[in-house]
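**Q** Provided herewith is a single structure, encoded as structure tokens, for subsequent inquiry.
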Amino acid sequence: MRTMTDPSLTPLYDRLPPQPAPSGPLAGLRVLDLATLFAGPLAATMLGDFGAEVIKVEHPRRPDPARGHGPAKDGVGLWWKLLGRNKRTMTLDLSTPGGREVLLRLAADADVVIENFRPGTLEKWGLGWPELSAANPRLVLARVTGFGQFGPYARRPGFGTLAEAMSGFAALTGEPDGPPTLAPFGLADSVAALTTSYAVMAALRGRDATGRGQVVDMAIIEPMLTVVGPHPVWYDQLGYVQPRTGNRSTNNAPRNTYRTADGSWVAVSTSAQSIAERVMRLVGRPELIGEPWFATGAGRARHADELDAAVGGWIARRGRDEVLAAFEAAEAAVAPVHDVRDVLADPQYQALESVTEVPDDELGTVRMQNVLFRLSETPGAIRWAGRPHGADTDEVLAGLGMTGAEIAGLRAAGAL
């Protein structure tokens, strides 16, 4: 099981600290999360979900801004509960001599460091790759920035929004006569987080072969460039630039969102030829299947107006439940357009336990997305939700062998 719904786990959480011992395929892996906001920290979250021990290092007086993003309850940031799960939190000013020394001591016993400072910042503090790798030659340093560690834009501030713009995603998204459209959530950051977690695992596998750590240079603009698809190949070979098509596809039709008689919306896709044929039979237009242009996705896309009129007209005369049932019976591809209320009530998400309840010492119980995938032998787990700023500082430092007096001295010097 990948969930935290087992009541036997609740007493473990109630005794935090100490926290439940990590389990899962990455148990024994230690990750230092120095990053802020979303791409780097979310990559660390994904590693923690499968057993890595993650220590979140934040500035003593400037916490990760993600703690304040979005709605809060009783002053507690809710996004952080998801982003900070399975992490111990400590404070450390890396720009101070004491903070630098502590970080090097932590790195000496770590497997991975994830950071997203502007290129040159760690070097300015004496914490660049030469110093970190000297402290631990087996360390993997994942550097997540908007534009990468070199090139003309490297030192610019970079966020996921800029990656969505520069990758071609925004130019492709939106209605044909409308402006380029950005995602209303952290799309590029999330894609970069997935990529970073994969890159870290590839680097660790490389370490198994060479015995040496290495640097992961992750530019947020690059994963988005990959996920938008074969556009560079198309342009290189054909000079083709795909226009904005709204919810339609240039590769097949009918493919759109359609409004039902009761004011709901459904999405239809016909990427497979057999599905397209089933949809046309369902909506009472089987004669279109015999048209020469219907035999390919590209041909159907050129007749999207005619196909949308047929499918949209049929759907507009029926309620959502009737439409979904008819499509299911016809083995045609359809889905309701959900908002978060529908997601939480959807029986498929419930069967998969895609959203789970996590006990929390600040909010009682928090519902959030479960770990990202299921493993049959070594599943992941959510051990706790995001912890308060610096809650585990003394515990982490005590684990380095520091005395109470030494910890107090660092705090007095402003390093903690």
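The values are calculated or read from the model by the stated rules, or taken from the named source; none is laboratory data. A quick note: this is a predicted structure, and the numbers were derived from the prediction, not measured. For neighbour counting, all protein chains shown are included, and Cβ atoms are generated from backbone atoms with ideal geometry for every residue, glycine included. Calculation scope for accessible area: heavy atoms of the full protein, side chains included, ligands and nucleic acids excluded. Shrake-Rupley method; radii C 1.70, N 1.55, O 1.52, S 1.80 Å.
**Q** Which percent of the Cα-Cα distances in region 244-386 go past 24 Å?
**A** 46
**Q** Are there any chymotrypsin sites (Phe, Trp or Tyr not before Pro) in region 81-153 that are in a DSSP loop and have at most 10 other Cβ atoms within 10 Å? List them by number.
**A** Answer by residue number: there is no such site.
**Q** Sticking with this one: Which of Ala188, Ala391, Ala267 moves the most in a Gaussian network model of the chain with Cα springs under 10 Å?
**A** Checking each option, the largest mean-square fluctuation is seen for Ala267.
**Q** Against the 2.2 N^0.38 Å scaling, with N counting residues, where does region 255-337 land? I'd like the Cα-based Rg ratio to two decimal places.
**A** Ratio of Cα Rg to 2.2 N^0.38 Å: 1.00.
**Q** Using a 1.4 Å probe, how large is the accessible area of Val268, given in Å² and rounded to the nearest 10?
**A** For Val268, solvent-accessible area is about 10 Å².
**Q** Moving to a separate point now. Please state, to two decimals, what the Cα-based radius of gyration of region 95-252 comes to when divided by 2.2 N^0.38 Å (N = residues).
**A** Normalised Cα radius of gyration, region 95-252: 1.27.
**Q** Also, quick follow-up: Using a Förster distance of 56 Å, how high is the FRET efficiency between Asp74 and Glu222, based on the Cβ-Cβ distance and rounded to 0.05?
**A** After rounding, the FRET efficiency stands at 0.90.
**Q** Could you run the Debye sum over the Cα atoms of region 164-323, one equal point scatterer each and no solvent, and tell me log10 of I(q)/I(0) at q = 0.19, 0.20 Å⁻¹, two decimals?
**A** -1.18, -1.23
**Q** A further question on this structure: Filter the DSSP H helices in the chain by two things, a Kyte-Doolittle mean of at least 0.0 and an axial alpha-carbon span of 24 angstrom or more, and list the hits by number.
**A** Length and hydropathy pass: 187-210.
**Q** Relative contact order for region 255-337 using alpha-carbon pairs under 8 Å, separation at least 6, rounded to a whole percent?
**A** Computed value for region 255-337: 46 percent relative contact order.
**Q** Another question, then. If I take every Cα pair under 8 Å that is 6 or more residues apart in the chain, average their sequence separation and divide by the length, what percent do I get for the relative contact order?
**A** 21
**Q** Another question, then. With each label point set 7 Å from Cα along the Cα-Cβ vector, what nm distance links Tyr235 and Val343?
**A** Modelled inter-label distance: 3.2 nm.
**Q** Given only helices, namely DSSP H runs of n ≥ 4 each adding -39500 (n - 2.57), what is the per-residue ellipticity at 222 nm of the chain, to the nearest 500 deg cm²/dmol?
**A** -10500 deg cm²/dmol
**Q** So which GluC sites (Glu not before Pro) in region 361-416 are both in a DSSP loop and have at most 11 other Cβ atoms within 10 Å of their Cβ?
**A** Glu377
**Q** May I ask which residue of His303, Pro379, Pro130 lies farthest towards the positive end of the charge dipole of the chain, with charges of +1 (Lys, Arg) and -1 (Asp, Glu) on Cβ and the Cα centre as origin?
**A** Looking along the dipole axis, the top candidate is Pro130.
**Q** A further question follows. If you count only protein heavy atoms and use a 1.4 Å probe, how large is the accessible surface of His59, to the nearest 10 Å²?
**A** Accessible area of His59: about 40 Å².
**Q** Please get the size of the charge dipole for the chain, origin at its Cα centre, with Cβ charges of +1 on Lys and Arg and -1 on Asp and Glu, quoted in debye to the nearest 20.
**A** So the dipole magnitude of the chain works out to roughly 580 debye.
**Q** To continue, here is another question. Restricting to DSSP loop positions (anything but H, G, I, E, B) with no more than 13 other Cβ atoms inside 10 Å of their own Cβ, which GluC sites (Glu not before Pro) remain in region 228-331?
**A** Of the GluC sites (Glu not before Pro), the ones in loops of region 228-331 whose Cβ has at most 13 other Cβ atoms within 10 Å are Glu331.
**Q** With no solvent and one equal point scatterer placed on each C-alpha of region 53-159, evaluate the Debye formula and give log10 I(q)/I(0) for q = 0.20, 0.22, 0.23 Å⁻¹, two decimals.
**A** -1.19, -1.32, -1.37
**Q** Give me Rg/Rg_expected for the chain, where Rg uses Cα atoms only and Rg_expected = 2.2 N^0.38 Å with N residues.
**A** Compared with the compact-globule rule of thumb, the chain sits at 1.16.
**Q** Test of understanding: extend the Cα→C-beta vector of Asn247 to 7 Å, then name every residue of region 255-274 with backbone N under 11 Å from that spot.
**A** 255-260, 264-269
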